[in-house]
1. How many residues are of a type in the set (Gly, Ala, Ser) and surrounded by fewer than 18 Cβ atoms within 10 Å (Cβ to Cβ) when one looks only at region 298-313?
2. Of the residues LEU272, LEU259, which is farther than 22 Å from ASP363 by Cα and at pLDDT 95 or above?
3. With the structure loaded, tell me whether GLY96 is in contact (Cβ under 8 Å) with a residue 40 or more places away in the chain, in the same structural domain as ILE20 (by TED's automatic domain parsing) and either under 18 Å from LEU38 (Cα atoms) or touching a Ser or Thr at 6+ places or on another chain (Cβ under 6 Å) (or both) or whether it fails that test.
4. Which residues, counting only those in region 366-413, are among the hydrophobic types (A, V, I, L, M, F, W, C) and not in a helix (DSSP H, G or I)?
5. If you check every pair at least six apart or on different chains, which have Cβ atoms under 6 Å apart with a residue in region 54-74 that is in a helix (DSSP H, G or I) first and a residue that is buried (at least 16 other Cβ atoms within 10 Å of the Cβ) and aromatic (Phe, Trp, Tyr) second?
6. Would you mind telling me which numbered condition in (1) surrounded by fewer than 18 Cβ atoms within 10 Å (Cβ to Cβ); (2) farther than 30 Å from ARG211 by Cβ GLU132 fails?
7. On the given criteria, is PHE240 closer than 29 Å to ALA393 by Cβ, out of contact with any strand residue (DSSP E or B) (no Cβ under 6 Å at 6 or more places or on another chain), among the hydrophobic types (A, V, I, L, M, F, W, C) and surrounded by 21 or more Cβ atoms within 10 Å (Cβ to Cβ)?
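The values are calculated or read from the model by the stated rules, or taken from the named source; none is laboratory data. Keep in mind that this is a model prediction, so the values were computed, not measured. A quick note on method: Cβ atoms are made from the backbone with ideal geometry, for glycine too, and the neighbour counts reach across all protein chains shown.
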Amino acid sequence: MAVTLSPKQKQAWAHSTRFINVWDGSVSGGKTFTWLLLMLHKIQNAPAEGDIVIMGYSLPSVYRNVFSLIESHPLFAPFREHVRYNHNADTALMFGRTVHVIGMGTIKASDRIRGMTIRYAFVDEGTLMPHEVFTMLLTRLRVEGAQCFITTNPGNQRHYLLTDYIQRPDETDTYHATFTMADNPGLPAEYVERQKALYTGVFYQRFILGRWVAAEGAVFQGWDEDTMTVQELPELLQTFSVGVDYGTEHPTAGYALSLGRSVEDGQDTYRLYLHNEWSPNPTRRATDFELATSFEEWTATLPHWPQYMYADPAAASFREELLRRGLTTHRADNKVLDGIRTLDSLLMAGQLKVHASCAHLLDELPTYVWDAKAAERGEDKPVKEHDDHVDAARYAVHSSRHLWRAMLTAPEP
């Protein structure tokens, strides 16, 4: 398959000759595919001296964003026989070369690269790398001609990657390129419009416009109770999950997430619905025994038994109590920003509705705001107040995305 690069892709590739090379910008701007092609070319032609590393937030995310694309996309078919990687392995074999695969989401990643002499580092989701890990990585890039290649969506305008490197190109020997969907001319116009409709607020600024901006104001800036809630549930085909935010000192909350089918304009339409709010201790302390008893009673009222039960990762004792009763739960995916983005995009696309009986969630969604003090530190965090029900909804929706992702009716362009 012939590879045709856009002018921006050609420019970024040609100018990525500096010590640090950062490609950022919107979704679907073409940066990831170009970065993968550049990576394959560099590894294929790399001198023998020095290690090569590929880094992402976690090993599963490296597989999803790097190796699964190489395995599945026609563009990379000529390279497949030269790439061998087992899911969650810490090394890959590429063009006969051992390549180290590293999850960089915590400072423990520093231990993996300490002592290495690295020639090439390929970093995906660069804004998710802790500053300490990035500092350590730069000290390991110590052979002649060593380079770091980073791809990322923009983050906070005070993020170290922007302030310490992108904005100081000469002092740090950094090249920077920004991609937008306009730089990917092969995208259908209806796809571009659909993507623009999916995001609001900080997510629109970062993922559509490709800007580094602080998260401020309301988290769900497009929230509209009139259009995003339903008074009556349609036919519920299956319940994917329940999500539980746990607290003995603060309120515990839970929600069920189901796939619903309705007929609109003569066509079956499939959406997600949050329903059956569980609020066992809104004003008092409760023991694990009391909460587990209430949870059992609540799940018995659901229209379908949930495929997965996701609980707050901090709820170890509560989960143990449920396990003693024969109920298996899973740790919820607690990547807050990713979960918020999932909720926001589904609501904006009309693919997720909230039942009107979920009173506490309807109270919290419009008042859920970004933490201004965290933004000053370059961090994206919501204020940790009155968020128990939003967290439970986020756990139910984001943690189960592998179940519902391919089952929803596509939004109108």
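1. Number satisfying all stated conditions: 1.
2. Exactly one residue qualifies, and that residue is LEU259.
3. Against the criterion (in contact (Cβ under 8 Å) with a residue 40 or more places away in the chain, in the same structural domain as ILE20 (by TED's automatic domain parsing) and either under 18 Å from LEU38 (Cα atoms) or touching a Ser or Thr at 6+ places or on another chain (Cβ under 6 Å) (or both)), GLY96 does not qualify.
4. Hits for region 366-413 are VAL369, TRP370, VAL383, ALA406, MET407, LEU408, ALA410.
5. Filtered contacts from region 54-74: PHE67/TYR85; ILE70/PHE76.
6. (2)
7. Judged against the criteria, PHE240 is not a match.
Yes/no per residue for (1) touching a Lys or Arg at 6+ places or on another chain (Cβ under 8 Å); (2) buried (at least 21 other Cβ atoms within 10 Å of the Cβ); (3) of a type in the set (D, E, K, R); (4) part of a helix (DSSP H, G or I):
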| position | (1), (2), (3), (4) |
| --- | --- |
| ASP111 | no, no, yes, yes |
| TYR120 | yes, yes, no, no |
| VAL123 | no, yes, no, no |
| GLY155 | yes, yes, no, no |
